[in-house]
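Notes to accompany the following structure.
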Amino acid sequence: MSMKSADIAKRYRVDQPGRFKLKDFDPDDTAGLDRDKSEFKDMLKADAERLGKLQERLYAEGRWSVLMILQGMDASGKDGIVNHVLSEIDPQGCMVHSFKAPNPEELAHDFLWRTTLRLPERGRIGIFNRSYYEEVIVVRVHPEFLNGQKLPPPLVTDAIWKQRFEDIVAFERHLARNGTIVLKFFLNISKKEQSKQLLQRLDDPEKYWKFNRGDLKERALWDKYMDAYEDAIRNTSHPDGPWYVVPSDYRSFSRLVVAAAMADAIERLNPKFPDLDEATRAEMEEMKRQLKG
């Protein structure tokens, strides 16, 4: 292989957020790999298997947890990431939550409340298909949504987005200090490729159910969304919660980047199967003796 998958993933991690500009990240990039070859699939298969083995150790050790956040425009491939990257993971050790528009109970709490309830337990991987970042992206593009959040009027000022960025970073640092690894992926799809994907939904009877007329209204606000994502990533990529801006025009490559980043992060934790003390070993030997008797 011309390049290790972990090295590929590092290319798209935002380590210098102060200099971050979304236009510097090409949605059609494949890190120089030939998309006509099977190299993507081979690397993805290897990383999915590696992730599966690491997740088993993570679950057995029961001390760390991993939170994977997927953000992106409609049709950017979030569902495909879940299906392909986590194909080798034991479902018992993984939880997926998709966050839609908040319901009345959720709106009656602070903006982090509903996602906090869904955080992964120790030993598990949690996947947020959309997340609390909707509150600084969708709500920023549609500031009228703030009216439904019943915030005291004096708190709704021009500083609200900066304050929410600060709250998010503090929240993610809190998670890190309590044993949750936070990895955030912005699936960077081009407007042209999104059009192609949405047209496929309309043409394919098996995908038509995924099409939403609202997607077209949001597509008309593309530039506003890109500005909101850029500002959010610039203000919230930090060592305890790095952003990866994943090229997503070519689905196999985006899946490879996410799988590699996830596997590499868990591998650094080096989770181990629990050691057995002498009393437990003696008990197991006695049980084996009884089973053979």
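Let's see how each residue does on (1) acidic (Asp, Glu); (2) part of a helix (DSSP H, G or I):
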site: ASP79; (1), (2): yes, yes
site: ASN83; (1), (2): no, yes
site: GLU88; (1), (2): yes, no
site: HIS97; (1), (2): no, no
site: GLU105; (1), (2): yes, yes
site: ARG114; (1), (2): no, yes
site: ARG118; (1), (2): no, no
site: ARG122; (1), (2): no, no
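Checking the conditions here, which among ASP110, ASP90 is at pLDDT below 95 and out of contact with any strand residue (DSSP E or B) (no Cβ under 7 Å at 6 or more places or on another chain)? Steps first, please.
Values: ASP110 fails: at pLDDT below 95.
Of ASP110, ASP90, the one residue that is at pLDDT below 95 and out of contact with any strand residue (DSSP E or B) (no Cβ under 7 Å at 6 or more places or on another chain) is ASP90.
With the requirement that a residue be part of a helix (DSSP H, G or I) and among the hydrophobic types (A, V, I, L, M, F, W, C), what does the stretch 252-274 give you?
The answer is PHE253, LEU256, VAL257, VAL258, ALA259, ALA260, ALA261, MET262, ALA263, ALA265, ILE266, LEU269.
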Go through the stretch 198-223 residue by residue and tally those that are under 28 Å from GLN163 (Cβ atoms) and under 22 Å from the mean Cα position of the chain (by Cα). 2
If a residue has to be of a type in the set (Lys, Arg), within 21 Å of SER76 (Cβ to Cβ) and either under 13 Å from the mean Cα position of the chain (by Cα) or buried (at least 17 other Cβ atoms within 10 Å of the Cβ) (or both) to count, how many in the stretch 90-141 make the cut? 2
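Results for (1) over 21 Å from ASP47 (Cβ atoms); (2) buried (at least 24 other Cβ atoms within 10 Å of the Cβ); (3) among the hydrophobic types (A, V, I, L, M, F, W, C), shown as yes or no for each residue.
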{"position": "PRO247", "(1), (2), (3)": "no, no, no"}
{"position": "ILE266", "(1), (2), (3)": "no, no, yes"}
{"position": "LEU269", "(1), (2), (3)": "no, no, yes"}
{"position": "LEU276", "(1), (2), (3)": "yes, no, yes"}
{"position": "ARG281", "(1), (2), (3)": "yes, no, no"}
I'd like to check something: does the stretch 204-216 contain any residue that is modelled with pLDDT of 90 or more, surrounded by 13 or more Cβ atoms within 10 Å (Cβ to Cβ) and not hydrophobic (A, V, I, L, M, F, W, C)? no
Pair list, Cβ < 6 Å and 6+ apart or interchain, from the stretch 101-122 residues that are without any contact (Cβ under 8 Å) to a residue 24 or more places away in the chain to residues that are of a type outside the set (Val, Ile, Thr) and assigned to a loop (DSSP other than H, G, I, E, B): THR115/SER131
Reported set for the stretch 147-184 where residues are more than 23 Å from the chain's Cα centre (by Cα) and in a helix (DSSP H, G or I) is ASN147, GLY148, GLN149, PRO153, PRO154, LEU155, ILE160
Checking ALA265 against (1) in contact with a helix residue (DSSP H, G or I) (Cβ under 8 Å, 6 or more places away or on another chain); (2) under 24 Å from ASP79 (Cβ atoms), which test does it fail? (1)
Quick test of your reading of the structure: ASN147 fulfils all but one of (1) modelled with pLDDT of 95 or more; (2) within 18 Å of LYS100 (Cα to Cα). Name the failing condition by number. (1)
Odd one out for VAL246 among (1) assigned to a helix (DSSP H, G or I); (2) in contact with a Ser or Thr (Cβ under 6 Å, 6 or more places away or on another chain): (1)
Given the residues LEU22, LEU33, which is the only one that is surrounded by fewer than 19 Cβ atoms within 10 Å (Cβ to Cβ), more than 22 Å from GLU172 (Cα to Cα) and in contact (Cβ under 8 Å) with a residue 60 or more places away in the chain? LEU22
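Return yes when GLU144 is under 18 Å from the mean Cα position of the chain (by Cα) and assigned to a helix (DSSP H, G or I) and no when it is not.
Values: under 18 Å from the mean Cα position of the chain (by Cα): no; assigned to a helix (DSSP H, G or I): yes.
Against the criterion (under 18 Å from the mean Cα position of the chain (by Cα) and assigned to a helix (DSSP H, G or I)), GLU144 does not qualify.
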Are any residues in the stretch 36-72 among the polar types (S, T, N, Q), surrounded by 14 or more Cβ atoms within 10 Å (Cβ to Cβ) and not in a helix (DSSP H, G or I), and if so, which ones? SER65, GLN71
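So, in the stretch 161-186, of the ones that are of a type in the set (S, T, N, Q) and out of contact with any Lys or Arg (no Cβ under 9 Å at 6 or more places or on another chain), which residue ends up surrounded by the most Cβ atoms within 10 Å (Cβ to Cβ)? So that I can check it myself, show each step before the final result.
If we filter the stretch 161-186 for residues that are of a type in the set (S, T, N, Q), which is where we start, we get 163, 178, 180.
Now restrict to residues that are out of contact with any Lys or Arg (no Cβ under 9 Å at 6 or more places or on another chain): 163, 178.
Numbers: GLN163: 12, ASN178: 10.
It comes out as GLN163.
The values are calculated or read from the model by the stated rules, or taken from the named source; none is laboratory data. Worth saying up front: this structure is predicted, and the values here are computed from it rather than measured. Cβ sites come from the backbone with ideal geometry, for glycine too, and all protein chains shown count toward neighbours.
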